[in-house]
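Reviewing the structure listed below.
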Amino acid sequence: MRITVELDESQLAAIQHATGISKKSPAVRQALQDYLAGLVRKCFLERVLRGETDYALTNAELEARGTYDPD
């Protein structure tokens, strides 16, 4: 699907730099995909920390994986 989005030139440059993609549309797509994936991870971790899921790993096992950064 095509849409028109107005971005400041400095924002677009920052997106291209952050994604490492020089073409505009692919860079914006990647940034959006990364942002949404981050939201999913954050929501899942919040549910785990509130005890609202039956996640099978213990805190020690999670920490050993190095996937949780409380800062």
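Pairing each residue of the stretch 35-54 that is free of Cβ contacts under 8 Å to residues at least 40 places away in the same chain with any residue that is in a helix (DSSP H, G or I) and surrounded by 10 or more Cβ atoms within 10 Å (Cβ to Cβ), provided the two are 6+ apart or on different chains, yields C-beta distances under 8 Å for T53/F44; T53/R47.
Figure legend. Inter-residue proximity from the stretch 17-28: first residues free of Cβ contacts under 8 Å to residues at least 12 places away in the same chain and surrounded by 11 or more Cβ atoms within 10 Å (Cβ to Cβ), second residues among the small types (G, A, S) and part of a helix (DSSP H, G or I), beta-carbon distance below 8 Å, spacing 6+ or different chains. Indicated pairs: I21/A27. Here the stretch 1-52 is the region considered, the condition is being of a type in the set (G, A, S) and not in a helix (DSSP H, G or I), and the residue that is nearest to E63 (Cα to Cα) is G51.
All of the numbers you see were taken from the coordinates with simple rules; none came from a lab. The structure displayed is predicted, hence computed values, not measured ones. Note that we place each Cβ from the backbone using ideal geometry, even for glycine, and neighbour counts take in every protein chain shown.
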